[in-house]
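*Asks:* I have a structure I would like to understand better, so I am pasting it below and will then ask my questions one at a time.
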Amino acid sequence: MAAPWPRNRRDSSLEPRSTLPALHNVILSGAGWSVELDHVVRVPSGIVVLETKTLGGTIAGELDAPVWTQRTAGGVEVGRLDNPVLQNQAHVRAVEGFLGELRVPICGYVVSAGRARFAPEIADAVVPVGDLSWVLSISFAEPNQRVLDAAWQRVERETAKSGSRRAAHEAYARRRREAFRLRRQA
């Protein structure tokens, strides 16, 4: 059974005003890869993958650019981040691949749980946390409920393995970030 939405300070802002089943910090892995999904939510119309960002300042970038820029209110660049839209598209593909023959509707959203302002070019691609309940209530498909049940149970079983995969996933993520950093410098 899915865990209730977390009650700790870090994630409590994501708690929707409903009783939707949700899984958190799900690590899927395969031969030579792994991915961590912030939140996976079962809604009546399918499965929703949420990528959560808790940022401040102003975020600028392009929807298809690999990196976005974070600036302070004064315009000083404080960092770059992997484009969370592209990141979550990869997460959705990972869930689709993991489910294999269990074809269910899956969609993904990037959720802003911080105070960041997003540039007009990317603002519509990010759901403010205050709008999350409303967004999750929007029907996007009419799935076969038996297939959706089976798919959700498969994701729940995989979630139970996430704790034992954490160290390997973190090492994998460090290697990927370093390789990405080196490519950007070249």
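Derivation of every value follows stated rules applied to the coordinates shown; laboratory data play no part. Bear in mind that the values here come from a model prediction, so they are computed numbers and not experimental data. Note: ideal-geometry Cβ built from the backbone for every residue, glycine included; neighbour counts use all protein chains shown.
*Asks:* Return the equivalent ellipsoid semi-axes of segment 117-186 as a descending list in whole Å, where each equals the square root of 5 times an eigenvalue of the C-alpha gyration tensor.
*Replies:* Working through the eigenvalues yields semi-axes of 31, 26, 11 Å.
*Asks:* Loop-only trypsin sites (Lys or Arg not before Pro) in segment 90-173, please: DSSP not H, G, I, E or B, and at most 11 other Cβ atoms within 10 Å.
*Replies:* Of the trypsin sites (Lys or Arg not before Pro), the ones in loops of segment 90-173 whose Cβ has at most 11 other Cβ atoms within 10 Å are 115.
*Asks:* Please figure out what share of the DSSP beta bridges in the chain is antiparallel and state it in percent, rounded to the nearest 5.
*Replies:* Here the antiparallel bridges make up roughly 65 percent for the chain.
*Asks:* With a cut-off of 8 Å between alpha carbons and a minimum separation of six or more residues, what is the relative contact order of segment 61-117 in percent?
*Replies:* Once divided by the residue count of segment 61-117, the mean separation gives 24 percent.
*Asks:* Give the average over all directions of the projected area of the C-alpha convex hull of segment 57-143, one decimal, in nm². Show your work: numbers first, answer last.
*Replies:* Working: hull surface 26.1 nm².
It is 6.5 nm².
*Asks:* Rounded to the nearest 500, what is the 222 nm mean residue ellipticity of the chain from helices alone, with -39500 (n - 2.57) per DSSP H run of 4+ residues and division by all residues?
*Replies:* Calculated mean residue ellipticity at 222 nm is -11000 deg cm²/dmol.
*Asks:* Between residue 142 and residue 58, what length in nm is gained on full extension when 0.36 nm per residue of separation is reduced by their alpha carbon distance?
*Replies:* Stretched fully, the residue 142-residue 58 segment lengthens by 26.5 nm.
*Asks:* Along segment 37-47, what does the Karplus equation 6.51 cos²θ - 1.76 cosθ + 1.60 (θ = phi - 60°) give for ³J(HN,Hα), rounded to whole Hz, x for Gly and Pro?
*Replies:* With the stated coefficients, segment 37-47 comes to 9, 4, 8, 10, 10, 9, 10, x, 9, x, 10 Hz.
*Asks:* Just round it to a whole percent: the fraction of Cα-Cα distances in the chain exceeding 31 Å.
*Replies:* 18 percent
*Asks:* Say the dipole of the chain comes from +1 at the beta carbon of Lys and Arg and -1 at that of Asp and Glu; which of 137, 120, 39 then lies farthest toward its positive end?
*Replies:* Going by the charge dipole, the pick is 39.
*Asks:* Need the full-extension length gain, residue 119 to residue 168, defined as separation in residues times 0.36 nm minus the C-alpha distance. One decimal, nm. Write down the numbers at each step before the final one.
*Replies:* Details: separation 49, 0.36 × 49 = 17.64 nm, distance 3.53 nm.
Going from the current span to full extension adds 14.1 nm.
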